[in-house]
1. (1) touching a Gly at 6+ places or on another chain (Cβ under 9 Å); (2) modelled with pLDDT of 90 or more: which one isn't true of T93, the others all being true?
2. Which number in (1) surrounded by 15 or more Cβ atoms within 10 Å (Cβ to Cβ); (2) over 13 Å from L124 (Cβ atoms); (3) modelled with pLDDT of 90 or more marks the one condition that S71 misses?
3. Tally the residues that are of a type in the set (A, V, I, L, M, F, W, C), under 20 Å from G24 (Cβ atoms), in contact with a Phe, Trp or Tyr (Cβ under 7 Å, 6 or more places away or on another chain) and in a helix (DSSP H, G or I), restricting the search to the range 51-84.
4. Please specify each residue of the range 106-124 satisfying the condition of being under 14 Å from L28 (Cβ atoms) and of a type outside the set (A, V, I, L, M, F, W, C).
5. Give me the pairs, please: first residue somewhere in the range 29-45 and touching a residue at least 24 places away in the same chain (Cβ under 8 Å) and within 10 Å of P105 (Cα to Cα), second residue anywhere and outside any helix (DSSP H, G or I) and of a type in the set (A, V, I, L, M), beta-carbon distance under 7 Å, and either six or more positions apart or on two chains.
6. Hey, can you tell me all the residues within the range 22-46 that are within 19 Å of E102 (Cα to Cα) and loosely packed, with under 15 Cβ neighbours inside 10 Å?
Amino acid sequence: MSAGRDPHSRSSKSEVALFLLVGGSAALLYIALATLLELYFGLARTWASAFAYGSTIPIAYSAQKKLTFRSSVSHATAFPRYLATQLVALVTTSIVSGKLAELPPPLAYGIAGACAAIVSFLLLKFWGFSGGQPKISQ
């Protein structure tokens, strides 16, 4: 199974580490862009969050599919699932950041991004890049 390697054969620790590296890079971009949009362009926090989060999707998708999960699921299947997962994460970031209006923007966006990361990892690992066959590795 060398060419079509099972995306779940990687150790859970390395998969989580790569997910955090890719996701962390996307999260830093999200925090910076959302903060810029709110403080310098006057967008409402919820809209700044939504726009910034949506902007990170194409880069993060490619990296998560290829590097983190090493998925051989077709783009026709994986990308719509990724978008659905990110829609859930987008709603999560928008609601959480809006509820944290009393906090400084970077902190509110950071907390919102962390909440979205947990939701995203679980959905992508067990649905988005798994070909619809939930697998739990040991």
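1. All conditions pass for T93, except number (2).
2. (2)
3. So the count comes out to 1.
4. Within the range 106-124, P106, Y109, G110, G113 meet the criteria.
5. From the range 29-45, the pairs are R45/A101.
6. If the condition is that a residue be within 19 Å of E102 (Cα to Cα) and loosely packed, with under 15 Cβ neighbours inside 10 Å, then A32, L36, L39, Y40, G42, A44 are the ones that fit.
The values are calculated or read from the model by the stated rules, or taken from the named source; none is laboratory data. Remember, predicted model here, so these are calculated numbers, not experimental data. With ideal geometry, Cβ positions are generated from the backbone for all residues, glycine too; neighbour counts draw on all protein chains shown.
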